[in-house]
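S.K.: Encoded as structure tokens, here's the structure I'll be asking about.
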Amino acid sequence: MEGRLKNKVVIITGASSGIGEATALWLAEHGARVVLGARGTNRLEALAARITDSGGEAVYASTDVRKREDLDRLVALACERYGQLDVLVSNAGVMPISPLDDLRVADWEDMIDVNIKGVLYGIAAALPVFRKQGFGHFVNTASTAGHKTVPNQSVYSGTKFAVRAISEGLRQEAGDKLRVTVISPGIVQTNFTEGVTDPGLKEQLTVIRDRLAMAPDAVARAIAYAIEQPDEIDVNEIVIRPTAQV
């Protein structure tokens, strides 16, 4: 598979930290041209500079996946700069979990808007480009919570079950020219606890993360594995978690 990432044009949402940042660095190191999207432009600028200073290629744009026009602009940036788009990694996500009894409806809406609508807006932006090109690859980040739910995670799990369902439907509709992959990570050493608005759960999750979590690089390598397969090979789903995670 050596060299199969070289010159691939890859959009990554949620690229400013965690899995997105690690994926951008890994892919760029192996020759991909990365197009970075996230809300925080300062971190994006620093990441793009880090990549280009190391001899890689990267551009970026402030991107809020809750806004369809932002995904349209990000896809347009990739096509204008590099003339094509090979892969869209829809990685942006939020996880403000809480008991349903807390009625944190704003958090529910945020998870739906980012985790589900963000993926759908990415599909809407990239699918016409992929159809016109005759090739393309969607990589959608779900979660092990999209396979099994537990108390306090029902809404978050619901969004990740939805990502898996949407991705599988897309795979079946895609035909033999496009590829669709779902990445379902377990606990990852990222800043995901920052968005948890329930203080007790935030502390609990932080303890679990610090005890069990795997490095974001592990997920980045899984994403790279799916991308670097031959064009006629579709890696449909990768579930990756720490060995210590039940």
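The values are calculated or read from the model by the stated rules, or taken from the named source; none is laboratory data. Nothing here was measured: the structure is a model prediction, and the numbers come from that model. With ideal geometry, Cβ positions are generated from the backbone for all residues, glycine too; neighbour counts draw on all protein chains shown. These area figures cover heavy atoms from the full protein model, side chains too; ligands, DNA and RNA do not enter into them. Shrake-Rupley method; radii C 1.70, N 1.55, O 1.52, S 1.80 Å.
S.K.: So, in the range 50-67, exactly how many residues are farther than 25 Å from Asp110 by Cβ, outside any strand (DSSP E or B) and open to solvent by less than 40 Å² (accessible area, probe 1.4 Å)?
M.R.: 2
S.K.: If you don't mind, there's one more thing I want to ask. Go through the range 194-235 residue by residue and tally those that are part of a helix (DSSP H, G or I), open to solvent by 70 Å² or more (accessible area, probe 1.4 Å) and farther than 25 Å from Pro151 by Cα.
M.R.: Looking only at that region, the number is 3.
S.K.: Taking the range 32-44 only, how many residues are assigned to a loop (DSSP other than H, G, I, E, B) and open to solvent by 20 Å² or more (accessible area, probe 1.4 Å)? Steps first, answer last, please.
M.R.: Here is the first cut: in the range 32-44, the residues assigned to a loop (DSSP other than H, G, I, E, B) are 32, 39-40.
Narrowing the set further to residues that are open to solvent by 20 Å² or more (accessible area, probe 1.4 Å) leaves 39-40.
Of the residues in that region, 2 qualify.
S.K.: Among the candidates Leu212, Leu178, Leu201, Leu205, single out the residue that is among the hydrophobic types (A, V, I, L, M, F, W, C) and within 22 Å of Ala126 (Cα to Cα).
M.R.: Values: Leu212 fails: within 22 Å of Ala126 (Cα to Cα); Leu201 fails: within 22 Å of Ala126 (Cα to Cα); Leu205 fails: within 22 Å of Ala126 (Cα to Cα).
Of the residues listed, the single one that is among the hydrophobic types (A, V, I, L, M, F, W, C) and within 22 Å of Ala126 (Cα to Cα) is Leu178.
S.K.: Any idea which of Leu47, Leu71 is touching a Leu at 6+ places or on another chain (Cβ under 8 Å), part of a helix (DSSP H, G or I) and modelled with pLDDT of 95 or more?
M.R.: Numbers: Leu71 fails: touching a Leu at 6+ places or on another chain (Cβ under 8 Å).
After applying the criteria, what remains is Leu47.
S.K.: Could you go through the range 78-97 and let me know if any residue there is under 20 Å from Asp217 (Cβ atoms), part of a strand (DSSP E or B), β-branched (Val, Ile, Thr) and within 19 Å of the chain's Cα centre (by Cα).
M.R.: yes
S.K.: Inside the range 73-93, can you point out the residues that are open to solvent by 30 Å² or more (accessible area, probe 1.4 Å) and touching a Ser or Thr at 6+ places or on another chain (Cβ under 9 Å)?
M.R.: Arg73, Gly93
S.K.: Now, a different point. Which numbered condition in (1) open to solvent by 30 Å² or more (accessible area, probe 1.4 Å); (2) β-branched (Val, Ile, Thr); (3) closer than 23 Å to Gly122 by Cβ is the only one that Ile183 fails?
M.R.: Status for Ile183: all satisfied but (1).
S.K.: It is to be established whether one or more residues within the range 13-31 are touching a strand residue (DSSP E or B) at 6+ places or on another chain (Cβ under 6 Å) and open to solvent by 40 Å² or more (accessible area, probe 1.4 Å).
M.R.: no
S.K.: Would you check which residues across the range 122-159 are crowded, with 23+ Cβ neighbours inside 10 Å and either without any contact (Cβ under 8 Å) to a residue 40 or more places away in the chain or of a type in the set (Ser, Thr, Tyr) (or both) and list them?
M.R.: Thr141, Ser143, Gly146, Tyr156, Thr159 - these are the residues of the range 122-159 that are crowded, with 23+ Cβ neighbours inside 10 Å and either without any contact (Cβ under 8 Å) to a residue 40 or more places away in the chain or of a type in the set (Ser, Thr, Tyr) (or both).
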